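What follows is a short report on a single structure.
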Amino acid sequence: MRGQQRQEQMMILAWSVAALFLSALVVGVLLRTGLAWRIATDHPNARSMHTRVTPRVGGLGVMAAVLLAVALAPADLTTRVLGALALGLCVMSLIDDRHGLPVRLRFGAHCLTAALAVWGTGMYHMGWAWAFAAGLVCVWMTNLYNFMDGSDGMAGGMALIGFGALAVAAPSAGIGTMAAMTACGALGFLYFNWHPARIFMGDCGSVPLGFLAAALGMHGVAGGAWPWWFAPWVFSPFIMDATATLVRRGLRGERVWQAHREHYYQRAIRMGAGHARVAAGWYAAMLVAAATALHALSHGSAQLAFALAGIVTAIFVIVALAIDIRWRRHQSKQDTTHA
């Protein structure tokens, strides 16, 4: 039994290395040939965190790794279907990056893929209330990842850590293969996305990655790989930042679906922390979340899990409050300067 498990782990490692090089190759070719600029570019505007025109198709490298997992790597049927759905979202988002699509069409596609994921993973067997909640979470994660893709190295690094944690928790063919190859695909892209970024992930990468984070999480719950709290906890730094920002903007009556620069990581950059330092700080938060989630999972104690989750949440709240206080002072200084 141990020999078989070790063989599976070595196989996943080999496929992950292949995914890493494939992702880096795809992004490198896009940049070297100039094709990246011809497909879709991001022009700086009042809501941007960058100052130069940059291509935004780097997510194609990560999705090439997912395509490799779907087409060739050993995996169960459900995982292949989830990967195929993610690739479908990639194609739609690439069209949106290039030409722009109506919000209703995009949101409808997100809801449809979430419903298919709920059905495909068998979450409805746990009860329709669980299925409905899982669908909402899937739609939110699909959009959340896109919201958090606004700084050099941010979304790529979070994908590396988050999907890496899922791979560690399910170290066998299926979920483990897809998660590990996605993580390594993100690493291949991250080489080109570290500050100063030569290419951005774009919707073609961030949207399907958000979907995969939720869908693989559901697959793991339905298959008994982990309890319901594990995957959300792993990605909790992303989830808490985006959710808190959305709620705050919604209470102010703003259009929450429009681009902005109000996330905590964006505020930190605007106050002078810099892309690299902010990304490193969020990596640390993600590593803490992933490590504590894996620790709680290995001990199989719900009480320990919720105690550690409470501590992590409290730390985030303290950091968020500190950023809010500094942000108000920063804004006050700017108002005084302009006056």
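The values are calculated or read from the model by the stated rules, or taken from the named source; none is laboratory data. Predicted model, so just to flag it, every value in this text is computed and none were measured. Glycine gets a Cβ as well: all are built from the backbone with ideal geometry, and neighbour counts include every protein chain shown. These area figures cover heavy atoms from the full protein model, side chains too; ligands, DNA and RNA do not enter into them. Shrake-Rupley method; radii C 1.70, N 1.55, O 1.52, S 1.80 Å.
Out of all the residues in the range 229-251, is one or more of a type in the set (Lys, Arg), without any contact (Cβ under 8 Å) to a residue 12 or more places away in the chain and out of contact with any Pro (no Cβ under 8 Å at 6 or more places or on another chain)?
no
Looking only at the range 51-69, which residues are open to solvent by 10 Å² or more (accessible area, probe 1.4 Å), among the hydrophobic types (A, V, I, L, M, F, W, C) and in contact (Cβ under 8 Å) with a residue 24 or more places away in the chain?
Across the range 51-69, the qualifying residues are Leu60, Ala64, Leu68.
State which residue pairs qualify: first residue at positive phi and inside the range 165-189, second residue of a type outside the set (Ser, Thr, Tyr) and open to solvent by 10 Å² or more (accessible area, probe 1.4 Å) in any location, beta carbons under 6 Å apart, and separation of 6 or more residues or different chains.
These pairs meet every condition: Gly174/Ala75; Gly174/Asp76.
Residue-wise test of (1) farther than 22 Å from Ala65 by Cα; (2) open to solvent by less than 40 Å² (accessible area, probe 1.4 Å); (3) modelled with pLDDT under 95.
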| site | (1), (2), (3) |
| --- | --- |
| Ala84 | no, no, no |
| Leu87 | no, yes, no |
| His99 | yes, no, yes |
| Leu105 | yes, no, yes |
| Ala117 | no, yes, no |
| His125 | yes, no, yes |
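Quick one: count up the residues across the range 113-141 that are within 13 Å of Pro208 (Cα to Cα) and either basic (Lys, Arg) or out of contact with any Leu (no Cβ under 7 Å at 6 or more places or on another chain) (or both). Spell out the reasoning first.
To start, the set of residues in the range 113-141 that are within 13 Å of Pro208 (Cα to Cα) comprises 113-114, 117, 138-141.
Then keep just the ones that are either basic (Lys, Arg) or out of contact with any Leu (no Cβ under 7 Å at 6 or more places or on another chain) (or both); that gives 114, 138-141.
Of the residues in the range 113-141, 5 are within 13 Å of Pro208 (Cα to Cα) and either basic (Lys, Arg) or out of contact with any Leu (no Cβ under 7 Å at 6 or more places or on another chain) (or both).
Evaluate the range 159-180: report whether one residue or more is touching a helix residue (DSSP H, G or I) at 6+ places or on another chain (Cβ under 7 Å), at pLDDT below 90 and either closer than 24 Å to Gly281 by Cα or in a helix (DSSP H, G or I) (or both).
Checked against the condition, which is being touching a helix residue (DSSP H, G or I) at 6+ places or on another chain (Cβ under 7 Å), at pLDDT below 90 and either closer than 24 Å to Gly281 by Cα or in a helix (DSSP H, G or I) (or both), the range 159-180 yields no hits at all.
Could you tell me how many of the residues in the range 10-42 are of a type in the set (A, V, I, L, M), out of contact with any Cys (no Cβ under 8 Å at 6 or more places or on another chain) and modelled with pLDDT of 95 or more?
Residues that pass the stated criteria total 9.
Looking at this structure, is Gln258 at pLDDT below 90, surrounded by 18 or more Cβ atoms within 10 Å (Cβ to Cβ), under 24 Å from Phe107 (Cβ atoms) and not aliphatic (A, V, I, L, M)?
no
Here is a list of conditions, (1) surrounded by fewer than 22 Cβ atoms within 10 Å (Cβ to Cβ); (2) outside any helix (DSSP H, G or I), and Ala133 meets all of them except one; can you say which number that is?
(2)
For Asp76, indicate whether it is at pLDDT below 90, of a type outside the set (A, V, I, L, M, F, W, C) and crowded, with 22+ Cβ neighbours inside 10 Å. Steps first, please.
Working: at pLDDT below 90: yes; of a type outside the set (A, V, I, L, M, F, W, C): yes; crowded, with 22+ Cβ neighbours inside 10 Å: no.
Criteria not met by Asp76.
Could you say which residue among Ala244, Ala197, Ala222, Ala214 is modelled with pLDDT under 90 and more than 25 Å from Arg38 (Cα to Cα)?
That would be Ala244, the only listed residue that is modelled with pLDDT under 90 and more than 25 Å from Arg38 (Cα to Cα).
Could you list, in sequence order, all residues of the range 73-107 that are part of a loop (DSSP other than H, G, I, E, B) and touching a residue at least 24 places away in the same chain (Cβ under 8 Å)? Reasoning before the result, please.
Quick first cut of the range 73-107, residues part of a loop (DSSP other than H, G, I, E, B) only: 73-76, 100-102.
Matches in the range 73-107: Ala73, Pro74, Ala75, Asp76.
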